[in-house]
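What follows is a set of notes on a single structure, which appears directly below.
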Amino acid sequence: MTWRNTTRVLLHIGDYPPHGHQFDNPEDDYPDGDPYGLTEEQVLREMRSAEIHYFFGKITEYTDTMIKVFQSIIGEFP
């Protein structure tokens, strides 16, 4: 990830979890994860090292497990 400015904010708004069985999504077409090989650990740690401030806007309870998984990787976020 390359960002030109020092202020780095990502506002992620979601109503359904990402790909992967760890997110409790029984209807997932990609239960083994992202088809391009991205993992939540890889993306979130890269965001943290780039000092990107992450905010999640929850729309439904379907993202509850995703939020817990993300928090286990990067800690609490607003």
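Just so it is clear, none of the values below were taken in a lab; they were calculated from the coordinates. Everything numeric here is computed off the predicted structure, so don't read it as measured data. With ideal geometry, Cβ positions are generated from the backbone for all residues, glycine too; neighbour counts draw on all protein chains shown.
Computed from Cα atoms, the angle from the helix 40-49 axis to the main principal axis of the chain rounds to 10 degrees.
For the chain, the set of trypsin sites (Lys or Arg not before Pro) satisfying both a DSSP loop assignment and a count of at most 14 other C-beta atoms within 10 Å is given as Arg4, Arg8. Label-to-label distance, Phe77 versus Val43, with points set 7 angstrom from Cα along the beta-carbon direction: 0.9 nm.
Selection among His19, Phe77, Ile52 by position relative to the dipole of the chain gives Ile52 as farthest towards the positive end (Cβ unit charges, Cα centre). Quick check: the angle from helix 64-74's long axis to the longest principal axis of the chain, C-alpha only, nearest 10 degrees? Once rounded, the angle reads 40 degrees.
Note on the chain: helix-only mean residue ellipticity at 222 nm, from DSSP H runs of 4+ residues weighted -39500 (n - 2.57) and normalised by residue number, equals -8000 deg cm²/dmol. The longest stretch of the chain left intact once loop-based GluC sites (Glu not before Pro) with at most 13 other Cβ atoms within 10 Å are removed from consideration, loops following DSSP, is 1-26.
Note on Cα extents along the principal axes in Å: of the candidates (i) 103, 27, 25; (ii) 39, 26, 18; (iii) 28, 24, 23, the value calculated from this structure sits at (ii).
Over the range 9-74, Cα pairs under 8 Å with separation of 6+ residues give a relative contact order of 48 percent. Between the amide H of His53 and those of Arg8, Val9, Leu10, distances stay under 5 Å, these residues lying 5 or more places away or on another chain, with hydrogens modeled in the peptide plane.
Using the Karplus relation 6.51 cos²θ - 1.76 cosθ + 1.60 with θ = phi - 60°, the per-residue 3J(HN,Hα) values for the range 10-23 come to 10, 9, 9, 10, x, 10, 8, x, x, 5, x, 5, 5, 9 Hz, with x marking Gly and Pro.
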